[in-house]
1. Please state which one of 94, 159 is small (Gly, Ala, Ser) and on the phi < 0 side of the Ramachandran plot.
2. Scan the range 101-126 residue by residue and report those that are among the aliphatic types (A, V, I, L, M), within 30 Å of residue 83 (Cα to Cα) and more than 13 Å from the chain's Cα centre (by Cα).
3. State yes or no: is residue 108 crowded, with 16+ Cβ neighbours inside 10 Å, touching an Asp or Glu at 6+ places or on another chain (Cβ under 8 Å) and at pLDDT 95 or above?
4. So if I check each of 84, 150, 94, which one is modelled with pLDDT under 95, over 24 Å from residue 32 (Cα atoms) and of a type in the set (Gly, Ala, Ser)?
5. Give the residue that is surrounded by the most Cβ atoms within 10 Å (Cβ to Cβ), with candidates limited to residues of the range 83-100 that are in a loop (DSSP other than H, G, I, E, B) and more than 17 Å from the chain's Cα centre (by Cα).
6. Please identify the pairs in which a residue from the range 106-130 that is more than 20 Å from residue 64 (Cβ to Cβ) has its Cβ atom under 8 Å from the Cβ atom of a residue that is surrounded by 13 or more Cβ atoms within 10 Å (Cβ to Cβ) and of a type in the set (Phe, Trp, Tyr), counting only partners at least 6 apart or on another chain.
7. If you take the residues of the range 40-56 that are in a strand (DSSP E or B) and surrounded by fewer than 19 Cβ atoms within 10 Å (Cβ to Cβ), which of them is modelled with the lowest pLDDT?
8. With 26, 59 as the choices, which residue is at pLDDT 95 or above, surrounded by 14 or more Cβ atoms within 10 Å (Cβ to Cβ) and either closer than 23 Å to residue 149 by Cα or among the β-branched types (Val, Ile, Thr) (or both)?
Amino acid sequence: MRLRTRLALALAALAAFGTFAAFAFASSAHFIGTPSCTKSTTSGLTCSGKAAGLGNEPAVVFLTADSVTANYECVNHGGNVAPGQPVVTQDVAGPTETITPHNGQITFSATLPVPTPPSSATECPSGKWTVRLTSLTYTNVVLHIQQPLGVEILSFSFGTIDP
């Protein structure tokens, strides 16, 4: 009878350890170094980095921002800029990137696209002019890592990214 009791206690302890170990592994997600961002008027905002402690299930990575403000100018064929430039402000969320971890680690590169430019026909003195993007400001940018989709396990706030 004592052998059965010891065996039952050993199995209970093993089950408890397995439960706590699974929780410890699931809650150990972290960044390796600090994620960084680059901004371009042609490609938008790209934030890259590396995360670990993710296990082996696919992770979803994406960026959000409260808003992006894009300043444009109207330019005629002679290269002259018209006064009163259009400004576009909109909410923005980037596309999701699904990455399968290798040994619990991922290397990511998430993006927020450039807003759609306004029409030269409605914003410029002539529809034959060109609308040119001059600057972008992303407000309250946050990097999200979810595993599985919808369950946030890691995030990083970049704040406002301005020139």
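1. Numbers: 159 fails: on the phi < 0 side of the Ramachandran plot.
Exactly one of 94, 159 is small (Gly, Ala, Ser) and on the phi < 0 side of the Ramachandran plot, namely 94.
2. Matches in the range 101-126: 114, 121.
3. yes
4. Going through 84, 150, 94 in turn, the sole match is 84.
5. 86
6. Partner pairs satisfying both residue conditions: 117/72; 118/72; 120/129; 123/72.
7. Residues of the range 40-56 that are in a strand (DSSP E or B), as a first pass: 40, 44-52.
Remaining after also requiring surrounded by fewer than 19 Cβ atoms within 10 Å (Cβ to Cβ): 40, 46, 48, 50, 52.
Values: 40: 93, 46: 97, 48: 97, 50: 97, 52: 97.
Ranking the qualifying residues of the range 40-56, first place goes to 40.
8. So the residue among 26, 59 that is at pLDDT 95 or above, surrounded by 14 or more Cβ atoms within 10 Å (Cβ to Cβ) and either closer than 23 Å to residue 149 by Cα or among the β-branched types (Val, Ile, Thr) (or both) is 59.
The values are calculated or read from the model by the stated rules, or taken from the named source; none is laboratory data. As the structure is a prediction and not an experimental result, all values here were calculated from the model. Glycine also receives a Cβ, built like all others from the backbone with ideal geometry; neighbour counts cover every protein chain displayed.
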